Amino acid sequence: MDIVTATQAPAPSLREVVYTRLRADILNGRVDPRERLTEPKLSKRFEVSRTPVREALSRLLSDGLIERTDFGYAVVVPSLAELRDLYELRVTLELRGVERIIENSELHYDVEALRDELARWVELRAAPPEPDPSFVLLDERFHTVLSRAAGNDRLTDALVEVNEKVRAVRMYDFVESERIRVTIDEHVEILELAIADRLPEARTALHLHVGESLAVVMERAARALSRMALAG
């Protein structure tokens, strides 16, 4: 009799573990931009030898998340010029999702996914969270769900990549109660319009939400960079 054994996925390598954990720490703002990342320090933090740390740092350098310094590596903080380019790209990617559905009558939003997301934001509107930089993750989730529900995964993947690159700055955009409240209200409005198939109105609302005056956006980004410099 043949015996069928369940195959198990191989355990991730140490370099993959270090890379994944350090990348998450960087993207979620848990690594101070002023902190010097060195092989000895990270080897001690992750309780591994220097080899997997060196390989993880090499990958993060290729990802553009860290840069070489005189004393190791440091987290890359986008300049205002780079942020301007990334914000413009973000607006283009966001709007393209709804535009492709408006342009092609055979395409439709994944309404069930939008309804599930709407339920989360209606709940948040009833009990808004306290201002906290981690709110950026909820905000990114909304935009990812909205984009993926439009049916082009490549657009969504590109949007996720852009959001990751500006996350360290955008985190400091959610430290005021009014900013949280306005964001929640606008998310609810956009979702309700998309679910109701009022797509031109949904596009307008989304454009107003993500495509604010570039001067306003860059002013907030400059304040965020100042907060990052003072944090820690």
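The values are calculated or read from the model by the stated rules, or taken from the named source; none is laboratory data. Everything numeric here is computed off the predicted structure, so don't read it as measured data. Heads up, the Cβs are rebuilt from the backbone with ideal geometry, glycines too, and the neighbour counts pull from every protein chain shown. Just the protein is used for accessible areas: all its heavy atoms, side chains included, with ligands, DNA and RNA removed. Shrake-Rupley method; radii C 1.70, N 1.55, O 1.52, S 1.80 Å.
If you check GLU94 against the conditions, is it open to solvent by less than 40 Å² (accessible area, probe 1.4 Å), of a type in the set (Asp, Glu) and in the same structural domain as ARG181 (by the TED database)? So GLU94 fits the description; yes. Would you say GLU82 is assigned to a helix (DSSP H, G or I) and surrounded by fewer than 18 Cβ atoms within 10 Å (Cβ to Cβ)? Yes: the conditions hold for GLU82. Considered as a group, the residues in the stretch 123-137 that are aliphatic (A, V, I, L, M) and at pLDDT below 95 include one that is most open to solvent (accessible area, probe 1.4 Å), and that residue is LEU137. Screening VAL175 against (1) modelled with pLDDT of 95 or more; (2) surrounded by 14 or more Cβ atoms within 10 Å (Cβ to Cβ); (3) not acidic (Asp, Glu) leaves a single unmet condition, (1). Suppose the filter is within 28 Å of GLU67 (Cα to Cα), in a helix (DSSP H, G or I) and open to solvent by 60 Å² or more (accessible area, probe 1.4 Å); does ARG154 pass it? Yes: the conditions hold for ARG154. Looking at GLU186, is it open to solvent by 40 Å² or more (accessible area, probe 1.4 Å) and more than 17 Å from the chain's Cα centre (by Cα)? So GLU186 fits the description; yes.
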